[in-house]
């Protein structure tokens, strides 16, 4: 659960009460229990013994449970360890703990994934390493012998390194790694070498410029033949003089032959100008350049639905000069950069000249803006969200994200006609979501407004 919910006593009380009602209904009603296929458990860190007794009685009744998501693992350790016998039919398991204190004694218990033969997806978010370790992930034969096809791991290099240097990656179709620093290790070498079956790949973390990461994109140009989702969100150490200036050019050259098959694409550069220079971002020349038609491909990325990019450098009006490059099937657009929010009036300016109108995709419903270091002053989020909604007439939801963990960031767009005579003119208003809407009910709220959530699951 979002930390804001934990810090909000009223919302937490409501959540605990509602959870108790649902668990009681499962225990008392076998017919209802047989219909439950997804169970999400949030914040069981209050020491509520009644709730824990209920949970112990719930799992044996959930004979059709397919998806289990747990956030806050301190009191669930023994239950989760016994999942192979409690719910052997489980297909998706998501574990994280951003609730309990970081100084917890490590629960030194192995969790054998192969004991759950139907498990297809494993997501390990922040804090999981304090509670469990998975020997299957460190052994080629053990992982290849399991049925897991989709893995998301957010952890430290020492826990991820043995896994990404293993040929067991060949068994996966989806891989997402979120590591604070990869050190001298390149996460791309083994992924490109062995990830022949990967359809979705996302790498997020700090890259060491002393390692030539670009060489692997040049060497394995025909790798990942089935790729439909690709994302990199990288940073780089600024205190080192070495650089890998071919990184972004090599990534873009690698992606061009796959343009027609990609559905989701993320190319997010380091925050600092120096970091971007070290990885050859070159003001966005390469990343935004792959969206341009060329002599061989008139309309690249015809299937693309979600795009996340760092804003290009310079002072050009983004909406006028770059909106026409955005693929027309796009439904979700994410923009990052230090220009937000200080220059948003120029980025999303509306020209009165009909020859210079922006060309936004007709189905663009969700726009996300990533600002840095609490750059958006209090009170200006409303102005930024309204500016975006005014510039992009079809957008339904605007999401503004900065480094403040308590900031919800979602805004619903409402449009009203000024008059029936001038129906093309609208009054645009934006309303901020409540904490509950932007955390517990985020999926339902996005669906309500015709939006999809981010394609990568981030705990």
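The values are calculated or read from the model by the stated rules, or taken from the named source; none is laboratory data. From a predicted model like this one, the values you see are computed outputs, not experimental measurements. Glycine gets a Cβ as well: all are built from the backbone with ideal geometry, and neighbour counts include every protein chain shown.
Within region 303-314, count every residue that is under 12 Å from residue 228 (Cα atoms) and either assigned to a loop (DSSP other than H, G, I, E, B) or not assigned by TED's automatic domain parsing to the domain that holds residue 258 (or both).
Total meeting the criteria: 3.
Considering only region 253-271, I want to know if a residue exists there that is closer than 17 Å to residue 183 by Cβ and surrounded by fewer than 21 Cβ atoms within 10 Å (Cβ to Cβ).
no
Does residue 415 meet the test of being surrounded by 19 or more Cβ atoms within 10 Å (Cβ to Cβ), modelled with pLDDT of 80 or more and either under 27 Å from residue 318 (Cα atoms) or touching a strand residue (DSSP E or B) at 6+ places or on another chain (Cβ under 6 Å) (or both)?
Numbers: surrounded by 19 or more Cβ atoms within 10 Å (Cβ to Cβ): no; modelled with pLDDT of 80 or more: yes; either under 27 Å from residue 318 (Cα atoms) or touching a strand residue (DSSP E or B) at 6+ places or on another chain (Cβ under 6 Å) (or both): yes.
Considered against the rule, which asks whether it is surrounded by 19 or more Cβ atoms within 10 Å (Cβ to Cβ), modelled with pLDDT of 80 or more and either under 27 Å from residue 318 (Cα atoms) or touching a strand residue (DSSP E or B) at 6+ places or on another chain (Cβ under 6 Å) (or both), residue 415 comes out as no.
Quick check on my filter: what residues within region 41-56 are loosely packed, with under 14 Cβ neighbours inside 10 Å and at pLDDT 75 or above?
Those that are loosely packed, with under 14 Cβ neighbours inside 10 Å and at pLDDT 75 or above: 53, 56.
Among the candidates 135, 105, single out the residue that is at pLDDT below 90 and out of contact with any strand residue (DSSP E or B) (no Cβ under 7 Å at 6 or more places or on another chain).
The unique qualifying residue is 105.
If we keep just the residues of region 181-226 that are under 17 Å from the mean Cα position of the chain (by Cα) and closer than 17 Å to residue 171 by Cβ, which is surrounded by the fewest Cβ atoms within 10 Å (Cβ to Cβ)?
So, considering only residues that are under 17 Å from the mean Cα position of the chain (by Cα) and closer than 17 Å to residue 171 by Cβ, the one surrounded by the fewest Cβ atoms within 10 Å (Cβ to Cβ) is 199.
Among the residues of region 217-244, what is the count of those that are out of contact with any helix residue (DSSP H, G or I) (no Cβ under 7 Å at 6 or more places or on another chain) and within 21 Å of residue 288 (Cβ to Cβ)?
4
Do the conditions hold for residue 330, that is, is it at pLDDT 85 or above, touching a strand residue (DSSP E or B) at 6+ places or on another chain (Cβ under 9 Å) and under 30 Å from residue 441 (Cα atoms)?
Yes, satisfied.
Within region 362-381, identify whether any single residue is outside any helix (DSSP H, G or I), more than 23 Å from the chain's Cα centre (by Cα), modelled with pLDDT of 85 or more and outside the structural domain of residue 234 (by TED's automatic domain parsing), and answer yes or no.
Yes, that holds for at least one residue.
So which of 270, 209 is touching a residue at least 60 places away in the same chain (Cβ under 8 Å) and in contact with a helix residue (DSSP H, G or I) (Cβ under 8 Å, 6 or more places away or on another chain)?
Answer to the check: 209.
Suppose we filter 155, 166 for residues that are more than 23 Å from the chain's Cα centre (by Cα) and crowded, with 16+ Cβ neighbours inside 10 Å; which single one remains? Give the derivation first.
On the way: 155 fails: more than 23 Å from the chain's Cα centre (by Cα).
None of the other options fit; the residue is 166.
Being modelled with pLDDT of 90 or more, touching a strand residue (DSSP E or B) at 6+ places or on another chain (Cβ under 9 Å) and either part of a helix (DSSP H, G or I) or closer than 23 Å to residue 13 by Cα (or both) is the requirement here; does residue 90 meet it?
No, not satisfied.
Residues that are closer than 21 Å to residue 270 by Cβ, at pLDDT below 85, surrounded by 21 or more Cβ atoms within 10 Å (Cβ to Cβ) and in contact with a helix residue (DSSP H, G or I) (Cβ under 6 Å, 6 or more places away or on another chain): does region 345-354 have at least one?
yes
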